[in-house]
1. Once segment 133-238 is represented by equal point scatterers at the alpha-carbon sites, with solvent omitted, what log10 I(q)/I(0) does the Debye formula produce at q = 0.19 Å⁻¹?
2. In 10 Å bins starting at 0, how do the alpha-carbon pair distances of the chain split up by percent?
3. Hey, what's the Cα Rg ratio for segment 1-140 versus the globular rule of thumb, 2.2 N^0.38 Å?
4. Just to be sure I follow the rule: in segment 5-130, considering lysines 8 or more places apart or on different chains, how many pairs have Cα atoms under 25 Å apart?
5. On a 0 to 90° scale, report how tilted helix 265-276 is relative to the longest principal axis of the chain, with both axes built from alpha carbons and the result rounded to the nearest 10.
6. Once you sort the root eigenvalues of the Cα gyration tensor of segment 249-294 as a ≥ b ≥ c, which label holds: rounded (a/c under 1.5), prolate (a/b larger than b/c) or oblate (the other case)?
7. Quick one, what does Rg over Rh come out to for segment 119-175 if you take C-alpha atoms and the Kirkwood Rh?
8. What do you get for the angle between helix 54-63 and the principal long axis of the chain? Use alpha-carbon atoms, 0 to 90 degrees, nearest ten.
Amino acid sequence: MEKSIGALLEDKLRNTTVEPGLHIVSTPIGNLNDITVRAIAVLRSSDAIACEDTRVTARIKSEFNLTAPLISYHEHNAHKVTSKIIKLLKSGKIVALVSDAGTPLISDPGYKLVNAAIENNVMVIPVPGASALLAALSTSGLPTNRFLFGGFLPKKTLGRRKALEHVAKAGSTLVFFESPNRLIKSLSDMIDILGNRDAIIARELTKRHEEILRGSLKFLVKNIEDNRLPRGEVTVVIGPEQNNKSLPQDQIDRILIESLGKHSVKTAVDAVALETNLPRRSLYQRAILLKSERD
């Protein structure tokens, strides 16, 4: 008689060897079915599970019948808790590090603990799995051969714009996490600094209300303004800088001068940015120069 899937899974879990050390365990970003067999085996074998929010990890603990005690570990208590965890590891224990969702250390605390483990000659073992970063990137339809992950952009406008200026010429697809409440402001800054690039907004990935919006940055802003601010976890993926080398500077100047003859500088720049797909910031600087020469 063939074994059931549940019996086969239990056999697999029993036969998975878990070595002492610090295990960096990826957990689901929404759909609990995305947890790996290996992750369950490690978590069941662990002597302790270090986590950001014990209330969040308690749900995983209950779902998968885990017995290991939870240790609260986050950026505000890392300096106090790291020594406690290192002591467990040096005594030969198995400790799992998890985040609230997805792969630990991806815009999450944990690198200090990993560094401390390395400095104390403790094995650090990756247990890969779900990641909002890779889930969004893989479904974006944008180039994936080279990408830059910027984590969460700064909350304040000046810092956010400086961060975007820093990556504007990276020549790669850009990926950011963002709060729904700051999304419109961030997208507007992206348009100014990066230009009207192709992009997606991925929210609540793997969850019941998963949604992926596709289009230019300007289209996405209009879509949100016409409908509603997205809720939940948001990942923004932006395509690389579009090649505008085929448009010579004298032609750009002619378009700007014509637009400046009809509109204010701001309106003229907005119109030319939409027409040429060039970054608004560079067009604005050029428009000011052309206007001063004309005047």
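1. -0.92
2. Going from the shortest bin to the longest, the percentages are 6, 23, 25, 20, 13, 8, 4, 1, 0, 0.
3. Details: Rg = 15.2 Å, N = 140, 2.2 N^0.38 = 14.4 Å.
Normalised by 2.2 N^0.38 Å, the Cα Rg of segment 1-140 equals 1.05.
4. Here the count comes out as 16.
5. Once rounded, one gets 70 degrees.
6. Details: a/c = 1.35, a/b = 1.23, b/c = 1.10.
Note, shape of segment 249-294 comes out rounded.
7. Numbers: Rg = 15.5 Å, Rh = 13.9 Å.
The Rg/Rh ratio comes out at 1.11.
8. 60 degrees
Throughout, read-outs are computed from the coordinates displayed, never taken from laboratory work. These numbers were taken from a predicted model, which means no experiment stands behind them.
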